[in-house]
1. Here is a list: P78, P9, P65. Which entry is out of contact with any Lys or Arg (no Cβ under 8 Å at 6 or more places or on another chain) and closer than 19 Å to A114 by Cα?
2. Taking the conditions exactly as written (in contact with a Pro (Cβ under 6 Å, 6 or more places away or on another chain) and surrounded by 19 or more Cβ atoms within 10 Å (Cβ to Cβ)), does A57 satisfy them or not?
3. Show me the helices (runs of 4 or more DSSP H) found entirely inside segment 33-126 where at least 3 residues are modelled with pLDDT of 90 or more and aliphatic (A, V, I, L, M).
Amino acid sequence: MEDMFMTKPMIIAIDDDELILNMLRRMLERAGYSVRLFPDGESALQAITSDPEAFAAIVCDWHMPGIWGHEVYQRSKPHLRDRPFILFTSEPEPFHNAHPTVATEIHVLNKNPAQLIDLLHTLLTS
């Protein structure tokens, strides 16, 4: 029997679209994760750098006002250690073409909720 006091892995979700953020929250919570939502990269970076041990993975949109997803990755990279960074975008192919080096360091995933849950489960349980 699973210990009811076990801490759920915390996922940071970053997207400027409130509907996407709410969908991510519901989906990730149903999959057994805790979730912190951020509407922009700057506020997420403050949380990541102030308490890098608090999260298990980051799920981030690519196109956002202010700093874009690949910039969030670059600036959070020193704090990630071995934690996964997943770029959750509707444009994975253009991202690979525009940022081939970064694309080899992170997981770039089309905005498909089922694939995201599968990838997180694989990354966090291996």
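1. Numbers: P78 fails: closer than 19 Å to A114 by Cα; P65 fails: closer than 19 Å to A114 by Cα.
Residue meeting the stated conditions: P9.
2. On the way: in contact with a Pro (Cβ under 6 Å, 6 or more places away or on another chain): yes; surrounded by 19 or more Cβ atoms within 10 Å (Cβ to Cβ): yes.
Here the answer is yes, as A57 does meet what is asked.
3. Values: elements: 41-50, 69-80, 92-98, 100-105, 113-125.
Where helices (runs of 4 or more DSSP H) fall fully within segment 33-126 and carry at least 3 residues being modelled with pLDDT of 90 or more and aliphatic (A, V, I, L, M), they are 41-50, 113-125.
The values are calculated or read from the model by the stated rules, or taken from the named source; none is laboratory data. This structure is a prediction, so every number in the text was calculated from the model and none was measured. As a convention, Cβ positions derive from the backbone with ideal geometry for all residues, glycine included, and neighbour counts pool all protein chains shown.
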